[in-house]
Amino acid sequence: MGIMRRAAVAVGMLGLLARVGAAQALPAPATHHAPSIETMYKQLGLVAHAAKGQTVDQQKIDGQECYVAAKSQTGFDPLVAKSLNATAVAAQAANAAASKPSNQVNAFKKAAGSCLQGRGYTLK
């Protein structure tokens, strides 16, 4: 009888420890990812197509490098601009006549577009 009692107590303790451990487990942190450079280009209406057979990897590298160059030239970073949100950018890209983008956005688009064209991309 002593062995059965000890086994029952041990099982009960293990169950209690399992519940306490599960209750103390930290929930997965909520992740909020900033838009990627490719997404940001699309939101700005800056769509580049490889005209010289660039690979997908090369396109990503060129896009990032042109983003950095345009940010450096203009002093404007659309990924962190407080006045620029995804909805506003999408509206500007979809209807440029009704919603004129700011001078900063225009300067950034021009700099990034020139960089991409210089690397052999056509812009749409």
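The values are calculated or read from the model by the stated rules, or taken from the named source; none is laboratory data. The shown structure was predicted, so the numbers you read here are calculated from the model rather than taken from an experiment. Ligands, DNA and RNA are excluded from the accessible area calculation, which covers all protein heavy atoms including side chains. Shrake-Rupley method; radii C 1.70, N 1.55, O 1.52, S 1.80 Å.
What the table shows:
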| quantity | calculated |
| --- | --- |
| Verdict on Ser83 being open to solvent by 80 Å² or more (accessible area, probe 1.4 Å), at pLDDT below 85 and either at positive phi or small (Gly, Ala, Ser) (or both) | yes |
| So Ala96, is it modelled with pLDDT of 95 or more and open to solvent by less than 80 Å² (accessible area, probe 1.4 Å) | no |
